[in-house]
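Input: a single structure, listed below in structure tokens.
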Amino acid sequence: MNILKVFQHLGHDTLNIFQTLGRAMLFFLHVLGGIPSVLMRPRLLMAQLYSVGVLSLALILVSGLFVGMVLGLQGYNTLVDFGATESLGLVVALSLVRELGPVLSSLLFSGRAGSALTAEIGLMKATEQLSGMEMMAVDPLKRVIAPRFLAGFLAMPLLAVIFSAIGILGGHLVVVDMIGVDAGAYWQMSEKVDFFSDVFNGIIKSIVFGLVVTWIAVFEGYDALPTSEGVSRATTRTVVFSAFATLGLDFLLTALMF
Amino acid sequence: MPDNNPIVVKIRQLKFSRGARYIFDDIDLDIQRGKITAIMGPSGTGKTTLLKLIGGQLRPDAGHIWVEEQNISRLSTNKLYQLRRRMGMLFQSGALLTDISVFDNVAFPLREHTNLPESMIRTLVLMKLQAVGLRGAHRLMPSELSGGMARRVALARAIALDPMMVMYDEPFTGQDPISMGVLVRLIRTINQALDLTSIVVSHDVNETLQIADYVYVLSHGKVVGHGTNAEIRHSQSEWVHQFIHAQADGPVPFHYPALDYRDDLLR
Ligand SMILES: Nc1ncnc2c1ncn2[C@@H]1O[C@H](COP(=O)(O)OP(=O)(O)O)[C@@H](O)[C@H]1O
Ligand SMILES: [Mg+2]
């Protein structure tokens, strides 16, 4: 009796998950179809790039700086025992470019911009603004969702690159300026970091994260129940699913790349 | 009906359900060109749902809806969007875009669907706002408007593209007596001045009967009565009588179906 109930629930939940995934897939295709019309109206895109990208910049800069500083400090404490402080720059740069830049900026991005996208779109749905657009013969997927999606997709890799760059400067601040390691040794990494395998792969990661995290954010908003509780839950889901997706995909991509 | 205007919206044998519950069970309905047709019924009878079906946002389970001879549920997305440009809809909430000003809200459909120069758009927007008496408010944001003003702005937006038909969802609900009066007159004047067809969905009997040419009364998924304004006022149908004269008891029960009250309390 109880076992039956358990299976019933399991089956029900599994079906729900697949239904949601199916909706998300169709939604994605429909939004992709709206991208050309966004490209023809750059002003729509600019406005979203500003709110999704530029407004996330301060968070990314501050976080990147501190992460770089911590990396420098921890790296120094470890490497100094081995007398290998000349590798510090390389340690900081590789950690950032390969891992921490893409991953942390994706997590921060979903918390800052993703949640905002979900809440905004969910509220537009709850207040019938999306419905109203449809009745004005304007497709909200093209007019509202597509520009936001494209903006997130474009902003994320840029933010990740900025995160890594500012992190390397943060490391410099601690290692060279405060601890006094030779600047030339710190910058040696610029010759050792391989552009293709390290930098490029890091950028690929951030492109994938940007795609997935923004997709989650706009889909959750669009799919939210049109009530205050529905929007609040959708916003939470955006942050949680984005974190899972980022970390899971990071493992997968790392295994494939390095 | 005395004069036979062409029919803009024709609904036949419409069925629509939500879950296991029938919202509409075999409904026939005609909307005549140039008239104001009221669709009345208690809250939750599916008046909003009916407008969404006419606008093609929902699909019927069975039956047909023709708008200007086009079968809504058979239209391609493109054709449906073409048709929607000629239908204005006033949502109960107004559904104004909250992040842009009154002016930009009214300009929205014009900017989306035409390539008019900005000076022309300005003229059109100000004309539409003038028609609803809110030209002076064009710089305000939607959050700065009262409920009645928001609805009038939404009306200006709904008529921006000079539609052939406007659908009003509960235009009088939650309005103070003054803005109620303003809206009642506005719907009448705009229908005449712009040569429109109007569908007014409402449960406000007095206001609606002031302006409606023809009335349908819905209850429990059926059309329980229809006729010209005068016919409805003097209807012999118990259902219609109960609704029009706002009586709590009659064929439409005040209580949601429940166990016997005494039994329920003593359980
Ligand atoms: N999205 C929905 N999902 C499920 N049921 C709904 C939905 N929208 C409306 N309903 C139900 O359909 C019925 C008709 O709703 P509605 O058309 O809004 O009524 P009205 O506008 O006459 O008050 C209501 O009982 C409502 O509970
Ligand atoms: Mg309603």
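The values are calculated or read from the model by the stated rules, or taken from the named source; none is laboratory data. Worth saying up front: this structure is predicted, and the values here are computed from it rather than measured. Every residue, glycine as well, gets a Cβ built from its backbone with ideal geometry; the counts of neighbours run over all protein chains shown. For accessibility, only protein heavy atoms count, side chains too; no ligands or nucleic acids. Shrake-Rupley method; radii C 1.70, N 1.55, O 1.52, S 1.80 Å.
Results for (1) farther than 20 Å from A:Val218 by Cα; (2) open to solvent by 60 Å² or more (accessible area, probe 1.4 Å), shown as yes or no for each residue.
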| site | (1), (2) |
| --- | --- |
| A:Asp13 | yes, yes |
| A:Gly53 | no, no |
| A:Thr78 | yes, yes |
| A:Glu99 | yes, no |
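Take the conditions open to solvent by 40 Å² or more (accessible area, probe 1.4 Å), without any contact (Cβ under 8 Å) to a residue 40 or more places away in the chain and more than 14 Å from chain B (Cβ to nearest Cβ) and apply them to A:Phe82. Does it pass? Give the steps one after another, and end with the answer.
On the way: open to solvent by 40 Å² or more (accessible area, probe 1.4 Å): yes; without any contact (Cβ under 8 Å) to a residue 40 or more places away in the chain: yes; more than 14 Å from chain B (Cβ to nearest Cβ): yes.
Judged against the criteria, A:Phe82 is a match.
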All positions within the range B:164-201 that are more than 13 Å from ligand 1 (Cβ to nearest atom), among the hydroxyl-bearing types (Ser, Thr, Tyr) and not in a helix (DSSP H, G or I): B:Thr197, B:Ser198
Residue tally, condition in a helix (DSSP H, G or I) and away from ligand 1 (no atom under 13 Å from the Cβ), over the range B:48-93: 11
Failed criterion for B:Arg111 (all others in (1) assigned to a loop (DSSP other than H, G, I, E, B); (2) within 12 Å of chain A (Cβ to nearest Cβ) hold): (1)
When residues of the range B:34-53 are limited to those that are within 12 Å of chain A (Cβ to nearest Cβ) and surrounded by fewer than 23 Cβ atoms within 10 Å (Cβ to Cβ), the one nearest to B:His241 (Cα to Cα): B:Thr48
Among the candidates A:Gly167, A:Gly132, residue that is out of contact with any helix residue (DSSP H, G or I) (no Cβ under 7 Å at 6 or more places or on another chain) and open to solvent by less than 10 Å² (accessible area, probe 1.4 Å): A:Gly132
Which listed residue is within 15 Å of the chain's Cα centre (by Cα), within 30 Å of A:Phe196 (Cβ to Cβ) and crowded, with 24+ Cβ neighbours inside 10 Å, from A:Gly64, A:Gly72, A:Gly89: A:Gly64
Candidate set from the range B:191-215 (those that are within 15 Å of ligand 2 (Cβ to nearest atom) and open to solvent by less than 10 Å² (accessible area, probe 1.4 Å)); member that is farthest from B:Asp26 (Cα to Cα): B:Thr208
Criterion violated by B:Arg84 - all others in (1) basic (Lys, Arg); (2) open to solvent by 30 Å² or more (accessible area, probe 1.4 Å); (3) within 13 Å of another protein chain (Cβ to nearest Cβ) satisfied: (2)
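Given the residues B:Lys35, B:Lys10, which is the only one that is more than 16 Å from ligand 1 (Cβ to nearest atom) and touching a Ser or Thr at 6+ places or on another chain (Cβ under 7 Å)? Give the steps one after another, and end with the answer.
Numbers: B:Lys10 fails: touching a Ser or Thr at 6+ places or on another chain (Cβ under 7 Å).
None of the other options fit; the residue is B:Lys35.
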